[in-house]
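Read through the structure below, which is laid out as structure tokens, and then see the notes.
A short reminder: the numbers here are calculations on the coordinates, not readings from a lab. Every value quoted in this text rests on a predicted model; they were computed, and no experiment measured them. Positions of Cβ are backbone-derived with ideal geometry, glycine not excepted, and every protein chain shown enters the neighbour counts.
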């Protein structure tokens, strides 16, 4: 994957310790249909960046990983504070 495409398309993963922590998963055979994944990470244990490009939010019941660098996150947070998001 080239760097330009990676900058535009962020990946994510959600790892749950048990499917019992999931409250809703909705998938469709149609590509135009929305996908919804809901659950509980539980009490948050740690938030960190791996290699400066992957935000990881780890809870007692699961882990959420998002491919975003610190600068992008800071820019989005600044916009949110100004009411742009």
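Some values worked out for this structure:
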{"quantity": "Mean ellipticity per residue at 222 nm, deg cm²/dmol - from DSSP H runs of n ≥ 4 across the chain, formula -39500 (n - 2.57)", "calculated": "-6000 deg cm²/dmol"}
{"quantity": "R0 of 35 Å, Cβ-Cβ distance residue 75-residue 43: FRET efficiency to nearest 0.05", "calculated": "0.75"}
{"quantity": "Cα-Cα pairs of the chain separated by more than 20 Å (percent)", "calculated": "51 percent"}
{"quantity": "Relative contact order computed over segment 3-81 (Cα-Cα under 8 Å; 6+ residues apart), in percent", "calculated": "27 percent"}
{"quantity": "Cβ-based exposure ranking for 29, 67, in which fewest neighbours within 10 Å come first", "calculated": "29, 67"}
